[in-house]
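The values are calculated or read from the model by the stated rules, or taken from the named source; none is laboratory data. As the structure is a computational prediction, the values presented were derived from the model and not from experiment. Note that each Cβ is placed from the backbone with ideal geometry, even for glycine, and that neighbours are counted across all protein chains shown.
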Amino acid sequence: MLMNLVAFALLFNGCTANKVADALIQNSCKEVPKFTGMVSRWPHFENDCIASLKENPQSQKARNIDDLIMVGANNAISNLTNVKRIVEKIIKERKYKSSLSKKSLEDCLKLYSKSSHSLISGLNYIKKGNLDDANHEYTDAAKAPIFCELKFNGDNQQISPVKKENNLLLTMIQIPELLILKELWH
Ligand SMILES: *[C@@H]1O[C@H](CO)[C@@H](O)[C@H](O)[C@H]1NC(C)=O
């Protein structure tokens, strides 16, 4: 009987904890500031935001928006690392369409490296509670997926092999960025 009670208490606690975290994630993703125009350009933002935060088990321990910002910041770093690896693989396996395309991919790698520094620096600012400076780092970090795509679609009119990845990466960087703005403006 006692064991059952303990088990029940543990289970119940776990469930309410998840509900708290889930509600926090949903409200935070829904109520990010709209004035930046970032959300209107990305109609799936709210759903992508909720899905990506929930995907990280750390989010279930989140009790406030600062905890979620941290989860989003870590997600952005791992997403960028994955996209970078995909591009490195395309170059290594010579899966690019032309030498021009190869050159663009190499430029993208340089952009990703810069972005990676910004994301790590952003995370450190978050840890120190300096959201203003963190915000600037995320604005900088978001340039990599944008300019990488422009390398292909600009004068060259090439087709980017990582268009989908860059779009998702941009969202993954904008999630902590918008959550930070929400904190700064509330
Ligand atoms: C980046 O994150 C998004 C959202 O979680 C995911 O769908 C996508 O597969 C990730 N991309 C990489 C390359 O990890």
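Condition check: within 16 Å of the ligand (Cβ to nearest atom) and either surrounded by fewer than 19 Cβ atoms within 10 Å (Cβ to Cβ) or among the polar types (S, T, N, Q) (or both). Does Asn47 satisfy that? So Asn47 fits the description; yes.
One residue alone among Ser52, Ser78 is at pLDDT 95 or above, within 16 Å of the ligand (Cβ to nearest atom), loosely packed, with under 14 Cβ neighbours inside 10 Å and not in a loop (DSSP other than H, G, I, E, B), and that residue is Ser78.
Counting only residues that are assigned to a helix (DSSP H, G or I) and among the polar types (S, T, N, Q), which one in the stretch 127-148 is farthest from Met38 (Cα to Cα)? Across the stretch 127-148, the extreme among qualifying residues is Asn135. Write out, first by first residue and then by second, each pair whose Cβ atoms fall under 7 Å of each other, whose residues are 6+ apart or on separate chains, and whose first residue, in the stretch 42-67, is within 19 Å of Thr171 (Cα to Cα) while the second is away from the ligand (no atom under 14 Å from the Cβ) and small (Gly, Ala, Ser). Correct list of pairs: Ser59/Ala21; Ile65/Ser28. Filtered by the rule that a residue be part of a helix (DSSP H, G or I) and within 13 Å of the ligand (Cβ to nearest atom), the stretch 149-168 gives Lys163, Lys164, Glu165, Asn166, Asn167, Leu168. So for the stretch 143-154 (the condition being among the β-branched types (Val, Ile, Thr), out of contact with any Ser or Thr (no Cβ under 8 Å at 6 or more places or on another chain) and more than 19 Å from Met70 (Cβ to Cβ)), does at least one residue qualify? Yes, the stretch 143-154 contains a residue that is among the β-branched types (Val, Ile, Thr), out of contact with any Ser or Thr (no Cβ under 8 Å at 6 or more places or on another chain) and more than 19 Å from Met70 (Cβ to Cβ). Looking only at residues of the stretch 110-156 that are among the aliphatic types (A, V, I, L, M) and out of contact with any helix residue (DSSP H, G or I) (no Cβ under 6 Å at 6 or more places or on another chain), we find that the one that is surrounded by the most Cβ atoms within 10 Å (Cβ to Cβ) is Leu150.
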